[in-house]
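Structure first, then comments.
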Amino acid sequence: MDKQLLMDEIFDQYNTVFLDIKGYIAYDNAALKEKALNEETSISENIKAFKEIANTKEDKNIANELETFNEYYFSGFLPSFIDSEKKGRVRGWENG
């Protein structure tokens with residue numbers, strides 16, 4: 001697969017994740033949350049594939065930034081966000 005196709009695929013995957021998380025929040029749909037979380041492996045594999053064919057300094061920087069973002073998003077931000085979202089729903093339910 002060439003670099004542009006990999007980048008397009010990675011961006012499409014992130015768009016899917018972001019939309020699935022929005023759907024999880026809007027509709028309290030746990031299946032959408034799980035679908036979003038399950039994309040991490042595939043995204044990581046595509047980033048690794050991109051990194052393997054990155055042949056310019058710019059490509060290598062992009063690959064490193066994608067890895068950093070992916071780690072932050074799936075290991076830091078998303079679990080924290082989901083946890084706070086759950087707590088907010090519980091508080092809202094109890095007070096509502």
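Once the Cα atoms are used to define both axes, helix 3-27 deviates from the longest principal axis of the chain by about 0 degrees.
How tilted is helix 30-53 with respect to the longest principal axis of the chain? Cα atoms for both, answer in degrees (0 to 90, nearest 10). The angle comes out near 10 degrees. Straight-line reach from LYS86: taking Cα to Cα under 21 Å and skipping same-chain neighbours fewer than 8 places apart, the lysines in range are LYS22, LYS33, LYS35. Put +1 on the Cβ of every Lys and Arg and -1 on every Asp and Glu Cβ in the chain; which of ILE53, VAL17, SER42 then has its Cα farthest towards the positive end of the dipole? Towards the positive end, the residue furthest out is VAL17. Report summary: the helix-based calculation at 222 nm, which adds -39500 (n - 2.57) for every DSSP H run with n ≥ 4 and divides by the residues of the chain, gives -29500 deg cm²/dmol.
Rule-based calculations on the coordinates, nothing more; no lab input. Worth saying up front: this structure is predicted, and the values here are computed from it rather than measured. Neighbour counts are summed over all protein chains in view; Cβ atoms, including those assigned to glycine, are modelled from backbone coordinates with ideal geometry.
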